[in-house]
Amino acid sequence: MRKSIARKPPVKRKPVSKKKTSFWKGNKGSFILGILFTVLLLTICYHYRNGLVYYLGLKSDNNKLSNEDKRIADVRNYQILTKYQDKVVGIDVSQYQGKIDWDNVKNIENTFPIGFVFIRATVGKDKLDSQFEKNWLGAKKNGITRGAYHYYRPNENSLEQAELFIKNVKLQKGDLPPVLDIERLPENQSIDSLKVGLRRWLKKIDAHYKVKPIIYTGEHYYQDFLKNEFTGYTFWIANYNFFVEDMKEDWLFWQFTEKSSIQGIKGNVDVNIYNGSPKMLGYLTLN
């Protein structure tokens, strides 16, 4: 008798599903991304159109740029300077600019007159800027409103730093108030101890010159450590962000670039805007 052979049940196969193509990986997605990028690029170009035109040499008094005029700052510089033509524009210098030809220091971008200059005088408790005296006299001789600043070293005695500044800086009528430049955090002390030292420097300088000093610092440093602790003082803020074009109300001065070219000065120069009119700047100076 023949044995019956059991048959295996048929194997069920899973239906083959077509993989869905991501929209952004397809031709339509690439096309739309291309359009969005183009729109963004055109928007940026339109926003900075004045600066781009000037930078590319298509805009000048004679519609033709000379060799010196080509040494201009970037597009953002011109954009901001044009926006704040009702304000006063100035620079700040130190020994890093070398020997300055003050007779030729007159304009920024060959267009915007220089109304003031801050000059580094001292650093820490024992360093005098090697070009301070020449810069101090050169600015005065050429009729530029001048001010002196001290670069503060957090880990050195604050009163000794103030004494060094007082010894070397003789302010006169028409000069700007002294400036405390604080950029670094302390290494061997707390932030609270740093603030105590800053206050001691400020009070000693105030007592000697009979005027409240100005505090220079970066925007983040200002927001994190100084804004709420040093009310009553005015601030000079550094912010070089390409997309920042608006000066805030609580900034007395705004250092918006460290990369500008000026006739009479070799290398890059910091440029600043005073948040007020020329008349208001006059009220700020010592009487």
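So which of Tyr240, Tyr274 ends up being open to solvent by 60 Å² or more (accessible area, probe 1.4 Å) and among the hydroxyl-bearing types (Ser, Thr, Tyr)? Reasoning before the result, please.
Details: Tyr274 fails: open to solvent by 60 Å² or more (accessible area, probe 1.4 Å).
None of the others qualify; the one that does is Tyr240.
For the structure I just gave you, tell me whether Phe230 is over 21 Å from Val117 (Cα atoms) and either among the hydrophobic types (A, V, I, L, M, F, W, C) or modelled with pLDDT of 95 or more (or both). Here the answer is yes, as Phe230 does meet what is asked.
Regarding the range 110-128, can at least one residue be identified that is aromatic (Phe, Trp, Tyr), in contact with an Asp or Glu (Cβ under 7 Å, 6 or more places away or on another chain) and modelled with pLDDT of 95 or more? Talk me through it step by step, then tell me what you get.
Narrowing the range 110-128 to residues aromatic (Phe, Trp, Tyr): 112, 116, 118.
Now narrow it down to the ones that are in contact with an Asp or Glu (Cβ under 7 Å, 6 or more places away or on another chain): 118.
Adding the requirement that they be modelled with pLDDT of 95 or more leaves 118.
Looking through the range 110-128, at least one residue is aromatic (Phe, Trp, Tyr), in contact with an Asp or Glu (Cβ under 7 Å, 6 or more places away or on another chain) and modelled with pLDDT of 95 or more.
When the range 225-247 is filtered for residues that are part of a loop (DSSP other than H, G, I, E, B) and either closer than 22 Å to Leu202 by Cβ or hydrophobic (A, V, I, L, M, F, W, C) (or both), the ones remaining, listed by number, are Lys227, Asn228, Glu229, Phe230, Thr231, Gly232, Tyr233, Phe242, Phe243, Val244, Met247.
All conditions but one from (1) in contact (Cβ under 8 Å) with a residue 12 or more places away in the chain; (2) more than 20 Å from Ile119 (Cα to Cα); (3) among the charged types (D, E, K, R) apply to Lys279; the one that does not is (1). Taking Asp69 as the residue in question, decide whether it is among the acidic types (Asp, Glu), surrounded by fewer than 20 Cβ atoms within 10 Å (Cβ to Cβ) and modelled with pLDDT under 95. Taking the combined requirement at face value, the residue satisfies it.
Of the residues Ile215, Ile205, which single one is of a type in the set (A, V, I, L, M, F, W, C), more than 23 Å from the chain's Cα centre (by Cα) and either surrounded by fewer than 13 Cβ atoms within 10 Å (Cβ to Cβ) or closer than 19 Å to Gly124 by Cβ (or both)? The unique qualifying residue is Ile205. The residue of the range 243-271 that is surrounded by the fewest Cβ atoms within 10 Å (Cβ to Cβ), among those that are of a type in the set (S, T, N, Q) and in contact (Cβ under 8 Å) with a residue 24 or more places away in the chain, is Gln263. Across the range 171-202, the number of residues qualifying as free of Cβ contacts under 8 Å to residues at least 40 places away in the same chain and open to solvent by less than 30 Å² (accessible area, probe 1.4 Å) comes to 5.
Of the strands (runs of 3 or more DSSP E) lying entirely inside the range 81-193, those containing at least 1 residues that are touching a Lys or Arg at 6+ places or on another chain (Cβ under 6 Å) and within 20 Å of Thr234 (Cβ to Cβ) span 112-123, 145-151.
The values are calculated or read from the model by the stated rules, or taken from the named source; none is laboratory data. Since we're looking at a predicted model, the values are computed, not measured. When we count neighbours, we look across all protein chains shown, and the Cβ atoms used for this are built from the backbone with ideal geometry, even at glycine. The accessibility values were calculated without ligands, DNA or RNA, using every heavy atom of the protein model including side chains. Shrake-Rupley method; radii C 1.70, N 1.55, O 1.52, S 1.80 Å.
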